[in-house]
Number of protein chains: 2
Amino acid sequence: MKRTSFREWPCSVARSVDFLGDWWAPLIFREAFLGTTRFDDFQENLSIGRNILTQRLKRFVEEGLMTKEKYQDRPARFEYRLTEKGTDFFDVITAMLRWGDRWLDGGKGPPLAMEHHACGHTVHAKTVCDHCGDDFTREDVNFAPGPGMDSETASKFHQQVARSSSSKTKKP
Amino acid sequence: MKRTSFREWPCSVARSVDFLGDWWAPLIFREAFLGTTRFDDFQENLSIGRNILTQRLKRFVEEGLMTKEKYQDRPARFEYRLTEKGTDFFDVITAMLRWGDRWLDGGKGPPLAMEHHACGHTVHAKTVCDHCGDDFTREDVNFAPGPGMDSETASKFHQQVARSSSSKTKKP
DNA sequence: TTTAGTAAGTTCACTTAAAGAACCCACTAT
DNA sequence: ATAGTGGGTTCTTTAAGTGAACTTACTAAA
């Protein structure tokens with residue numbers, strides 16, 4: 001179904017969503033992070049349609065998230081590897097992993113354990129402020145227009161947020 | 001088109017993906033995190049079909065990610081608010097925000113600035129180990145079957161990972 | 001009284017992409 | 001020759017999103 005475009009939205013979340021395209025993206029990334037590189041392996045592990053996988057891999061390569069590297073010539077054989085841009089998505093994946101482990105494990109504990117080499121423990125991702133290092137949740141931060149938002153949108157944003165914060169009062 | 005189900009996958013990423021349903025989810029969550037609570041506001045801000053929004057909000061309420069609260073009686077009027085389960089998704093959103101800011105800002109800087117109350121700066125999310133506090137990337141961790149993975153799947157997982165790590169050699 | 005506005009949906013027709021399966025090509029191995 | 005591997009391509013069916021209009025139950029204004 002034709003996707004609504006968020007590409008030009010003044011919001012990096014929306015742009016990320018648009019850029020990655022659909023829910024197959026995090027799953028393909030997960031596979032890539034686990035070391036999968038070959039077409040057939042992605043296809044089998046994900047049980048994804050070959051046409052869909054072809055399309056997705058092609059797009060990831062075009063958009064710079066993956067490279068397609070020939071690993072042999074006769075016959076030609078390829079591997080798909082994450083670029084830095086693709087690898088940088090890892091924390092989105094680990095955040096989803098943590099959320100899923102907490103809320104969706106059906107009481108059996110996490111299906112996948114992430115072991116941190118440096119401390120030797122099975123761990124989860126934790127989100128902290130990149131400036132001061134404190135952990136934070138929604139109440140600890142405020143959102144405001146940034147340098148990439150034009151002033152018209154910025155004033156709409158202020159109206160929007162102001163309206164939402166008074167939502168507990170009955171409208172006049 | 002009927003969505004492939006990842007619900008029973010031995011992987012919290014896949015389960016999260018399945019649970020949330022589609023790309024509207026992070027966008028609806030983003031709106032909710034910005035304080036939007038009313039049907040019309042979600043609809044206008046997201047330019048989403050009313051039927052799709054109805055469906056999604058209903059499902060989020062059923063699945064415990066949101067509550068639907070009546071804020072007036074005559075006529076009945078409702079607000080949708082994130083539960084703890086929903087709010088806990090915040091770090092996925094902030095991870096996407098960081099990724100989008102870094103790779104998709106088109107040179108203009110971030111459209112949305114996140115200000116951290118405690119340190120007073122405009123900040124981004126950073127992912128650290130929840131045990132030792134060190135930051136980490138993919139190379140710093142290993143994945144292994146966890147308590148929620150059955151032994152058959154676990155042995156397949158080992159085969160899969162072993163096969164992938166030898167992918168630089170030509171197959172015999 | 002009627003009309004208009006608000007909020008929260010519901011309905012519907014059209015469009016589009018995913019799902020699933022089969023097929024194709026270029027090799028190598030048996 | 002057949003079978004297997006790897007990496008796709010093609011095609012039909014299915015299902016859900018898109019976009020718009022409509023409905024319901026109110027309140028407010030003319």
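The values are calculated or read from the model by the stated rules, or taken from the named source; none is laboratory data. Owing to the predicted nature of the structure, the values given are computational and were not obtained by experimental measurement. Virtual Cβ from ideal backbone geometry, glycine too; neighbours counted across all protein chains shown.
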### Query
When you go through B:L65, B:L97, B:L104 one by one, which is the residue that is touching a helix residue (DSSP H, G or I) at 6+ places or on another chain (Cβ under 7 Å) and within 16 Å of DNA strand C (Cβ to nearest atom)?
B:L65
### Message
It is to be established whether one or more residues within the stretch A:62-73 are closer than 20 Å to B:D18 by Cα, within 15 Å of DNA strand D (Cβ to nearest atom) and among the aromatic types (F, W, Y).
### Response
no
### Message
Pairs please, first residue from the stretch B:36-53 and in the same structural domain as B:D22 (by TED's automatic domain parsing), second anywhere and of a type in the set (D, E, K, R) and within 13 Å of DNA strand D (Cβ to nearest atom), Cβ atoms under 7 Å, 6+ apart in sequence or on different chains.
### Response
B:Q43/B:R50
### Query
How do the pairs read when you match residues in the stretch B:64-75 that are under 30 Å from A:G100 (Cβ atoms) with residues anywhere that are part of a loop (DSSP other than H, G, I, E, B) and within 12 Å of DNA strand C (Cβ to nearest atom), using Cβ under 9 Å and keeping only pairs 6 or more apart or on different chains?
B:E69/B:T37
### Query
Hey, which of the helices (runs of 4 or more DSSP H) in the stretch B:1-67, taking only ones fully inside, have at least 3 residues that are farther than 25 Å from A:A154 by Cα and within 9 Å of chain A (Cβ to nearest Cβ)?
B:12-20
### Task
Being surrounded by 15 or more Cβ atoms within 10 Å (Cβ to Cβ) and assigned to a loop (DSSP other than H, G, I, E, B) is the filter; apply it to the stretch A:68-89 and report the residue that is farthest from the chain's Cα centre (by Cα).
A:D88
